[in-house]
Amino acid sequence: AAIVIISAVLLLKFLDKGSAGKDSFTTVYNEAYDSYAAKDYDVALKKFLEAEKLADGNNEKIKVNKSLLATYENIKDSEDEQIKVLKTLIELEPDKYEYYEKLVELYDAKDMTDEISALIESIDDVSIKTKLSDYSVSAPKFSEEAGEYDSYISIKLISSDKDIYYTMDGTTPTSSSD
């Protein structure tokens, strides 16, 4: 009987230590959340990053990464960090359109068109891929082959996308290019 009681006490202590890690995540996360609510984003960021290391399981990882994203959105010049967090969230929840949308918007704001194309190409979910199709741009096709010609030729640019912008001086084309 004494062995059973000692075993039960040891088991309870072990279970209590096991839950301490859980409480540790919850405690640190709650401290971070309180700092976020107080708009002390630097402290919130530090605590959320600490909570991220303690996160166990997808639910905690998703929760802390969503909070990291919200915190970074309030910190100036943190677009690269937002991109990293969004990539993590997409790995954790690949069926959440809003992560892809935010990531594409960040890529677009940073003029990272190759990354937009690669991201859209990598999406398996057809509905998400379709929703992002406006960001997908295909290169225009030329009516004539590249090469040297003895006389002037007329060239047509053909695109399945909306508009084609170009310049003749090598500058980056815009919607107001001549």
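Things to note:
- Working note: Karplus 6.51/-1.76/1.60 with θ = phi - 60° gives the stretch 109-121 the couplings 5, 9, 6, 9, 5, 5, 5, 4, 4, 5, 4, 4, 5 Hz, where Gly and Pro are set to x.
- Rounded, prolate or oblate (a/c below 1.5 giving rounded, otherwise prolate when a/b exceeds b/c) for the stretch 61-109 by Cα gyration tensor: oblate
- The aspartates and glutamates whose alpha-carbon is closer than 16 Å to the alpha-carbon of Lys141, local same-chain residues fewer than 8 away aside, are Asp161, Asp163.
- Candidate aspartates and glutamates for bridging to Lys156, where Cα separation is under 13 Å - those fewer than 8 sequence places away on the same chain excluded: Glu144, Glu145
- Each residue of the stretch 123-133 was assigned a 3J(HN,Hα) from its phi angle through the Karplus expression (A = 6.51, B = -1.76, C = 1.60, θ = phi - 60°), giving 6, 8, 6, 4, 5, 5, 4, 5, 4, 8, 4 Hz with x at Gly and Pro.
- Extension gain, Lys53 to Glu98, is 13.8 nm, computed as 0.36 nm per intervening residue step minus the present C-alpha separation.
- Listed pairs Lys39/Lys129; Lys87/Lys129; Lys53/Lys87; Lys66/Lys110; Lys53/Lys110 exceeding 26 Å between Cα atoms: Lys39/Lys129; Lys53/Lys110
- Modelled spin-label separation between Asn74 and Lys141, with each label point placed 7 Å from Cα along the Cα-to-Cβ direction: 5.1 nm.
Each reported figure results from applying straightforward, stated rules to the coordinates on display, with no laboratory input. For clarity, every value in this text was computed on a predicted model and none was experimentally measured. Positions of Cβ are backbone-derived with ideal geometry, glycine not excepted, and every protein chain shown enters the neighbour counts.
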